[in-house]
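*Asks:* Sharing a structure here in structure tokens format.
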Amino acid sequence: MVNRPKIKKKKLLLISILSLVLVIGAIVSTYALTMANTVKVTSEVVNIRNGPGLAYDITTQSRKNDRLKVLDEENEWYKVSLPSGETGWVASWLVENETVSAASNSKGKIISTLANVRSKDDINSSVIDTLNKNREVTVISSQNGWTQVTYGKVTGWIKSDFIEVAGASTEDSAALQKLTIREENTNIRDAADVNGKLLETAQPGTTYDIIGSKDSWYEVKTAAGSKGYVANWVVSVNENTAAAKPTVSSLSEATIVLDPGHGGNDTGAIGVDGTYEKEIALKTAAAIKAQLETTGAKVIMTRSNDDYVTLGKRAAISNDNAADAFISVHYDSTEEANTASGTSTYYYNDNAKDFASRINAQLKVGMPLENHGEKYGDFQVLRENASPSILLELGYINNSFDEQTIDNDDYRQKVANAVTNGLTNYFAN
């Protein structure tokens, strides 16, 4: 009887400690999720609302290629933090999930004499600390030429040029020697200033060698061989952009990577009648695979089941297998149902234009949906791909007519025939 109170106290203490550990673990997990997940806007303009649904008021807007930090998720909507510091809700089918960094939780070391730690991944954001050369930090993520680090109680952003990440390969370093233009009519100037003299104008997909950097500008070698500057907010770096014409001369010799969009906890867009994009994308890719294999082509799928595969991994599968062509399969969506219909073919590199054109030409023949042609698209699975790569949007899943049209075996077979004919033409010419 004398010892029982002590045992109860010990049990209560143990329970309290375990509860505290669980609470701390949950907080850390939530923090890690928040810091590690972003989405990229894929539509030209999307509305940011004050709640998770179309009935909520629009508070602001975000534009194509903006990257938004995910804070929460509810009813197929993401609560996001905007670069301005505002928060709001965006429809999940209007943005693309991203793996922000392959260097998450790696060790990093400052390699410049001094490195400013900033509050945001922006050269104009406030400086919260300055680190000396050889200072070690923990790397959380990396994006847009910036690396997010933490040390002690400080979390902030450092220019990626000023930090060396442990385990980074020489291939990673080499990739940083090139940049790719993302915006139309991008100006290359003679100084790192918007008022600098215009040297030339570049179009999306054009690549340049990086020979230096200054403030928010990259120093590059122009087409004429002179030095010029381009703003870092209109380019992409650390990307593989070769996408050269393959050497095989027939489809039977080719290796084709098919990429069914989304998967696992990433459903993609959802139709008016509840159709999941991830499901019909997988069925469509399977139909294409079966048709291609009748020609003798080697076909590799980035996923064959309802699995989540990161965008970076999808491109890596193509690169690792030295694919002769890469095709990502998707179904489109709009913020408001029944406001758009039809198919589109997207490419990123100039070297993939011919590939996109030949596939899209076949998607115009005998198909039940209107074809909107080939378009430039800044998608991670395309821009990080060394193979000729395209992304197909094969109908609007939240259009009632399109949804009924696309979710059946007859439509999938027509798509499979079109893709096979397009690939046959592409490799034969």
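*Asks:* In the range 365-399, what residues are in a loop (DSSP other than H, G, I, E, B) and within 14 Å of Ser341 (Cα to Cα)?
*Replies:* Met367, Pro368, Leu369, Glu370, Ile397, Asn398, Asn399
*Asks:* Can you run down the residue pairs with Cβ atoms below 6 Å, 6 or more apart or on separate chains, where the first is in the range 83-99 and within 16 Å of Lys64 (Cα to Cα) and open to solvent by 50 Å² or more (accessible area, probe 1.4 Å) and the partner is in a loop (DSSP other than H, G, I, E, B) and at pLDDT 70 or above?
*Replies:* Trp93/Ala269; Trp93/Ser333
*Asks:* Then there is this: Of the residues that sit in the range 273-291 and are surrounded by 23 or more Cβ atoms within 10 Å (Cβ to Cβ) and in contact (Cβ under 8 Å) with a residue 60 or more places away in the chain, which one is farthest from Leu423 (Cα to Cα)?
*Replies:* Out of the qualifying residues, it is Glu277.
*Asks:* Being open to solvent by 10 Å² or more (accessible area, probe 1.4 Å), of a type in the set (A, V, I, L, M) and either over 20 Å from Tyr331 (Cα atoms) or touching a Pro at 6+ places or on another chain (Cβ under 8 Å) (or both) is the filter here; which residues of the range 252-272 pass it?
*Replies:* Result: no residue meets the conditions.
*Asks:* Only residues that are among the hydrophobic types (A, V, I, L, M, F, W, C) and surrounded by fewer than 19 Cβ atoms within 10 Å (Cβ to Cβ): list them for the range 211-235, please.
*Replies:* Of everything in the range 211-235, those that are among the hydrophobic types (A, V, I, L, M, F, W, C) and surrounded by fewer than 19 Cβ atoms within 10 Å (Cβ to Cβ) turn out to be Ile211, Ala223, Ala224, Ala231, Trp233, Val234.
*Asks:* Looking at the range 344-363, which of its residues are in contact (Cβ under 8 Å) with a residue 60 or more places away in the chain, touching a helix residue (DSSP H, G or I) at 6+ places or on another chain (Cβ under 7 Å) and in a loop (DSSP other than H, G, I, E, B)?
*Replies:* Once the filter is applied, which keeps residues that are in contact (Cβ under 8 Å) with a residue 60 or more places away in the chain, touching a helix residue (DSSP H, G or I) at 6+ places or on another chain (Cβ under 7 Å) and in a loop (DSSP other than H, G, I, E, B), the range 344-363 yields only Tyr348.
*Asks:* Restrict the check to the range 293-316 and report whether at least one residue is open to solvent by 50 Å² or more (accessible area, probe 1.4 Å) and aliphatic (A, V, I, L, M).
*Replies:* No, because not a single residue in the range 293-316 is open to solvent by 50 Å² or more (accessible area, probe 1.4 Å) and aliphatic (A, V, I, L, M).
Yes or no, residue by residue, for (1) within 21 Å of the chain's Cα centre (by Cα); (2) among the basic types (Lys, Arg); (3) more than 20 Å from Ala315 (Cβ to Cβ); (4) buried (at least 24 other Cβ atoms within 10 Å of the Cβ):
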| residue | (1), (2), (3), (4) |
| --- | --- |
| Asp332 | yes, no, yes, yes |
| Gly342 | no, no, yes, no |
| Ala356 | yes, no, no, yes |
| Ala361 | no, no, yes, no |
| Met367 | no, no, yes, no |
| Arg383 | yes, yes, no, no |
| Leu392 | yes, no, no, yes |
| Asp402 | no, no, yes, yes |
| Arg412 | no, yes, yes, no |
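The values are calculated or read from the model by the stated rules, or taken from the named source; none is laboratory data. In this text, all values refer to a predicted model and were calculated from it rather than measured experimentally. Neighbour counts are summed over all protein chains in view; Cβ atoms, including those assigned to glycine, are modelled from backbone coordinates with ideal geometry. Surface accessibility is based on the protein's heavy atoms, side chains included, excluding ligands, DNA and RNA. Shrake-Rupley method; radii C 1.70, N 1.55, O 1.52, S 1.80 Å.
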